[in-house]
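Below you'll find the structure, written out as structure tokens, and then a few comments.
Just so you know, all these numbers are worked out from the coordinates, no wet-lab data involved. No experiment lies behind these values; they were computed from the predicted model shown. Please note: Cβ atoms are built from the backbone with ideal geometry, for glycine as well, and neighbour counts cover all protein chains shown.
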Amino acid sequence: MRFTDHVKDRLWFYLIAALSLGLMLLFLFAYRVSGQLIIFICAIFFLFIIAEEAVGFMRKRRFYSQLRSRLDKLDKKYLIHELVEKPSFFEGELIYDALCEANKSMCENVAEYKRSSADFRDFIEMWVHEIKLPVASLQLMAHNHSDELGEKFQEQLRRIDGYTDQVLYYARSENAEKDYIIKDTALKRTVANVALKNREAVQLCGACIETEGLDLTVMTDGKWLEFILGQFMANSLKYISDGREPVIKVYAEELPDRVLLHFRDNGIGIPAGDLNRVFDKSFTGENGRNYAKSTGMGLYIVKSLCDRLGHSITAESVQGEYTEFTIGFAKNEYYRMENS
Amino acid sequence: MNRIYIVEDDRSIREELAELLRNSGYETDCLTDFSDSAAQILAAKADLILMDINIPNLNGEQLLKEIRKKTDTPVIMVTSRTSETDEVLSMSYGADDYITKPYNPTILLLRISAVLKRSSGAASVQTYSGLQVNDAKGSLSDGSRELTLTKNEMIIFRFMLDRQGSIVTRDELMTALWDNDEFVNDNALTVNISRLRSKLAELGCEDAIETRKKQGYILR
């Protein structure tokens, strides 16, 4: 808070003071008061004004400049009232109390939304577990009475399972609660689990899975990684390029500071213009419109799961040739030492 | 014959699961009254326990902990809870495997036989009509000659040998191969089986593997 701001703010007061001084002088002259006395009275008048302004300015300046500078530095601006001292002048107190009250009310409001979103998430999680029971039951029935139709039922049941998993992981990725465990996970086992889960679909497409260098362990949540690779797999099987044998290559490489897991297919690829938006929510792009029905959620969920787990993820593609997703797992020596 | 005890509160799943296991040559027994689960499970003296986490009156993980105090019977947790936390918790309480619903029935059977094999401590050398089977070396020998099998052939042969005399479907063989990181396709499986056949014939076991149309294969 600068002094000029203060002066500008007090313009009305000065105007009134000047007016009252003028009136006073008028009367003093009318009663023929001596010149010395007039000068004396004027001096006292100015002295009072200056003293009053200086004290008022000092009291306010402390509060307002603190407010301004702390607000600029703060990233969560709604916490400002916690960081300024309670002022000692009336207007300041009024503002301070209003800030506190507004903030408290906002916190309550936010808490209510948090609660309702947590409730919703809990319900989704519970619902997904519930829906898996009839699906499991149907899958067993289809297997026990296996014939041509049983195989077809199983395929549809796998689709249902895939979609419910998407809902589950979407709910998990959107919420702040920590419900994952980061531990040493063998890439080989994870990839085998994903392949096993999608075996029928892979064989139906006549695709071929190649792996290389998967004898590594990474720090991640195994279940989340399985879901992520499952999404890549589903995409690869969806966007197969006609005229060549579909090949899915999963390979890992170890760098000094991290492990990279590559998931590459030789499908139709992603147009260059769409490539940097594939992880956006609800983005379907050219492929989503032209080839298969796409929700644009799969890769978005993948990206948010990776963000939560602290993995990097990149997409690379040449249209008509290949698509490659790469996940980067950080190596954490400190954590390993703690564990061993 | 191995006896499997099923702890599952969903009636439909329980019945289908029992049927699946019976079809695959296991004896089954189910827990139907959940008021005193632990005692009943222990009294059943099964060779393997399939257990759900969400069962009435008691948490499956606590139940597992209680059972583990009294017996070493292998336990496979079968559940619709898919988080890594649940799995880690179950394994730390002494579960031998953890499978999430809905499961592929073939994979479930594969896991069950793997756990049973591990717990019975079957030796790796077995014989098949006078042939020595050496898993570690991946070879078959009749005393004088030794033939090396490829990894795929060994997986197929091992799987059939464990189920000697009963039908093994292509689906099961495929699952066993994929479970061992061998992502072969249909043609490759056919080729592997015919190679395995000719290798067995070379060692004097002609027609060891019989083809049953639309069903699978039998190792005689």
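Between A:S137, A:S312, A:S65, the Gaussian network model of chain A with springs among Cα atoms under 10 angstrom shows the greatest mean-square fluctuation at A:S65.
Loop-located chymotrypsin sites (Phe, Trp or Tyr not before Pro) in the stretch A:240-340 (DSSP state not H, G, I, E or B) with no more than 14 neighbouring Cβ atoms inside 10 Å: A:Y291. Counting, for every residue in B:183-192, the Cβ atoms of other protein chains within 10 Å of its Cβ and taking the mean gives 3.
Taking Cα atoms only, the orientation of helix B:170-179 departs from the longest principal axis of chain B by about 80 degrees.
Near B:Y128, the amide H atoms lying under 5 Å from its own belong to B:V133; only residues 5 or more places off or on other chains count, and H is placed 1.01 Å from N. Taking Cα atoms only, the orientation of helix A:11-30 departs from the longest principal axis of chain A by about 0 degrees. Among B:C30, B:V78, B:I218, whose Cα lies farthest out toward the positive end of the dipole of chain B, if unit charges sit on the beta carbon of Lys, Arg (+1) and Asp, Glu (-1)? Toward the positive end, the furthest listed residue is B:I218. Between A:V318 and A:I270, the built amide H atoms are under 5 Å apart, and every one of these is 5 or more places off in sequence or on another chain. Inter-chain Cβ neighbour count for B:12-20, averaged per residue, equals 5 (cutoff 10 Å, partner chain atoms only). Between A:D5 and A:I44, the contour length at 0.36 nm per residue exceeds the alpha carbon distance by 11.5 nm. Considering only A:G150, A:M126, A:Y78, the residue lying farthest towards the positive end of the dipole of the stretch A:50-195 is A:Y78, judged by Cα position with unit charges set on Cβ.
Quick check for me: using +1 on Lys/Arg Cβ and -1 on Asp/Glu Cβ, what's the dipole size of the stretch A:183-339 about its Cα centre, in debye to the nearest 20?
It comes to approximately 540 debye.
Taking other residues whose beta carbon is less than 13 angstrom from the beta carbon of A:K293, and scoring Lys, Arg as +1 and Asp, Glu as -1, yields +3. Each peptide among A:36-45, A:123-132, A:78-87 gets the average number of other Cβ atoms lying within 10 Å of its residues, and from highest to lowest they stand as A:123-132, A:78-87, A:36-45. Spin-label model, B:C30/B:R68: points 7 Å from Cα along the beta carbon direction are separated by 2.8 nm. Counting only residues at least eight positions apart within a chain, or on another chain, the aspartates and glutamates with an alpha carbon under 18 Å from that of B:K213 are A:D147, A:E148, A:E151, B:D171, B:E172, B:D186. On the basis of the beta-carbon distance and an R0 of 41 Å, A:K77 and A:W12 show a calculated FRET efficiency of 0.85. Pairs exceeding 20 Å between alpha-carbon atoms, taken from A:K132/B:K65; A:K223/B:K101; A:K86/A:K114: A:K132/B:K65; A:K86/A:K114.
Peptide A:219-225: average number of partner chain Cβ atoms within 10 Å per residue?
The shielding value for this peptide is 3.
Calculate how steeply helix A:187-197 sits against the longest principal axis of the alpha-carbon atoms of chain A, using the helix alpha-carbon long axis, and give the answer as 0 to 90 degrees to the nearest 10. Tilt relative to chain A: about 70 degrees. Once R0 is set to 22 Å, what does the formula 1/(1 + (r/R0)^6) return for the Cβ-Cβ distance between A:T295 and A:Q156, expressed as a FRET efficiency to the nearest 0.05? For A:T295 and A:Q156, the calculated efficiency is 0.80.
With helices as the sole contributors, chain A gives -21000 deg cm²/dmol at 222 nm; each DSSP H run of n ≥ 4 counts as -39500 (n - 2.57), and the sum is divided by every residue. Estimated translational diffusion coefficient (Stokes-Einstein, Kirkwood radius over Cα pairs, 4 °C, 1.567 mPa s) of the stretch B:149-220: 107 µm² per second. Amide H contacts of B:L48 (H built 1.01 Å from N, in plane; Pro and chain starts excluded): B:R3, B:Y5 sit under 5 Å, all sequence-distant by 5 or more or on other chains.
The simple Förster model, with R0 at 56 Å and r as the Cβ-Cβ distance, assigns A:L28 and A:L94 a FRET efficiency of 0.90. Charging the Cβ of each Asp and Glu at -1 and of each Lys and Arg at +1, and nothing else, the dipole of the protein assembly as shown about its Cα centre rounds to 1540 debye.
Across the stretch A:198-208, computed HN-Hα scalar couplings (Karplus, 6.51 cos²θ - 1.76 cosθ + 1.60, θ = phi - 60°) run 9, 4, 4, 5, 4, 5, 4, 7, x, 7, 10 Hz from first to last residue, x flagging Gly and Pro.
Rounded to the nearest 500, what is the 222 nm mean residue ellipticity of chain B from helices alone, with -39500 (n - 2.57) per DSSP H run of 4+ residues and division by all residues?
Estimated from H runs of four or more residues: -13500 deg cm²/dmol.
Which of A:Y113, A:Y31, A:Y96 moves the most in a Gaussian network model of chain A with Cα springs under 10 Å? Comparing A:Y113, A:Y31, A:Y96 in a Gaussian network model of chain A, the most mobile one is A:Y31. Here the Gaussian network model covers chain A, with springs between Cα atoms less than 10 Å apart; of A:L229, A:L67, A:L275, A:L67 fluctuates the most. For B:Q40, neighbours were defined as the other residues whose beta-carbon sits under 13 Å from its Cβ, and their charges (Lys and Arg +1, Asp and Glu -1) total -2. Projected label points at A:K86 and A:A272, each 7 Å from Cα along the beta carbon direction, are separated by 6.4 nanometres.
Listed values for the stretch A:281-287 are Karplus-derived 3J(HN,Hα) couplings in whole Hz (6.51 cos²θ - 1.76 cosθ + 1.60, θ = phi - 60°), namely 5, 6, 7, 9, x, 4, 4, and x replaces Gly and Pro.
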